[in-house]
Amino acid sequence: MTQQTFRNPILPNGADPWIIKHTDGYYYLTVTLGDRIALWRSHTMTGLAAANPTTIWTPEQDGPYSYHLWAPELHYIEDRWYIYYTANDGGGDDTRRICVLELIGDDPVNDEWIFRGVINTEHPGLDGTVLQHKGELYFFYSGYGFFPDYGSAIYAVRMVNPWTLTGPNVLLSAPTEAWEKQGGMAINEGPVFLKRNGRLFLVFSASATWSDDYSLGMITISETNDVLDASAWTKHAGPVFAKNPAQGVYAPGHNSFTVSPDGSEDWIVYHAYSYSEAEQQRSAGGPRSTRIQRFGWKEDGLPDFGLPISEHSLLPLPSGE
């Protein structure tokens, strides 16, 4: 009898997970490892749990931007593969930048990656992502600042090519509400996109990642509007995906999106803790784990992410596995 269900997490230690389904029939996964970048590859989403990771990039020791490699994202842009990741030079937040790798070849796991450079953002920051929209490229990232407390906010800027920005860095979302300031820091980070029903949905992570109340927020815009027009974006009141103490899931966030193998289902990929902040302190932190679950859509055209589900729950396999 074939397996029909699975349990989260798919990786017991996997912060800032990024999963994409490519036209080659594979799912690719990458997570924060700190000192290197690795890829997992599988024909199925749940199969990533058993895949062996391949280290595809290790920075030069003590070289520029070779410390604290965070939140890598794999993108396929204009028939080329790129990875965007956060790093610094060993200093503080003011030295943190977003770097880009380019693949020389077609196989992200086995071909050579080269360091293309540091993205020329106006502000130091992290969590860069690319939006391909109406034949144009746009870069979105979390820039450091004071909003009004020390923290980060979401900026957008036009791209000349996959490694170069041009024009103003437009502030789209700053952490001004109480739900965005939990854990002692005001934070909007980890922007990621959905396109559906004539709208763009920018989903971001809010509050400090160590807080139980780390969660997902969302801003939206019509596909016909200018994505660099800050006034055209509307911010959702409150989080759209948050902790579920009844199921033992805390601090869900820093997500990505993908689809089932047959393309009929939308899935959210995120990290979370299986215990509360107080318990984290007692256990010296513990890892954030990578989880996946299906989500749907509301009658008004907005995504319905529901609540994060316990790791003890059996979930149906993605359609087409």
So, taking all protein chains as they sit and a 1.4 Å probe, how much accessible area belongs to Val203, in Å² rounded to tens? 0
Hey, got the dipole for the chain? About the Cα centre, +1 on K and R Cβ, -1 on D and E Cβ, debye to the nearest 20? 500
From largest to smallest, what semi-axes in whole angstrom does segment 38-173 give when each is the square root of 5 times an eigenvalue of its alpha carbon gyration tensor? 26, 19, 15
For the chain, projected area of the alpha-carbon convex hull averaged over all directions, nm²: 16.4
Quote the convex hull volume per residue of segment 93-250, based on C-alpha atoms, as a whole number of Å³. 153
What distance in nm separates the two pseudo spin-label positions at Phe295 and Asn225, each 7 Å out from Cα along the beta-carbon direction? 1.9
For segment 15-75 and segment 217-284, what is the separation of their C-alpha centers, rounded to whole Å? 20
If I compute solvent accessible area with a 1.4 Å probe over the protein chains, what percent of it on segment 5-316 is carbon and sulfur? 48
Computed Rg/Rh of segment 237-321, alpha carbon atoms with Kirkwood Rh: 1.00
Extension reserve of the Tyr275-Asp89 stretch, reckoned as 0.36 nm per residue once the Cα distance is removed: 63.7 nm
Taking a threshold of 22 Å on the Cα-Cα distance, which of the pairs Lys181/Lys298; Lys195/Lys243; Lys235/Lys298; Lys21/Lys181 fall above it? Lys181/Lys298; Lys195/Lys243; Lys21/Lys181
Contact order relative to length for the chain, counting C-alpha pairs under 8 Å separated by 6 or more residues, stands in percent at 15
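The values are calculated or read from the model by the stated rules, or taken from the named source; none is laboratory data. Nothing here was measured: the structure is a model prediction, and the numbers come from that model. FYI the Cβ positions are ideal-geometry reconstructions off the backbone, even for glycines, and counts take in every protein chain you see. Accessible surface is based on the protein model in full, side chains and every heavy atom, while ligands, DNA and RNA are left aside. Shrake-Rupley method; radii C 1.70, N 1.55, O 1.52, S 1.80 Å.
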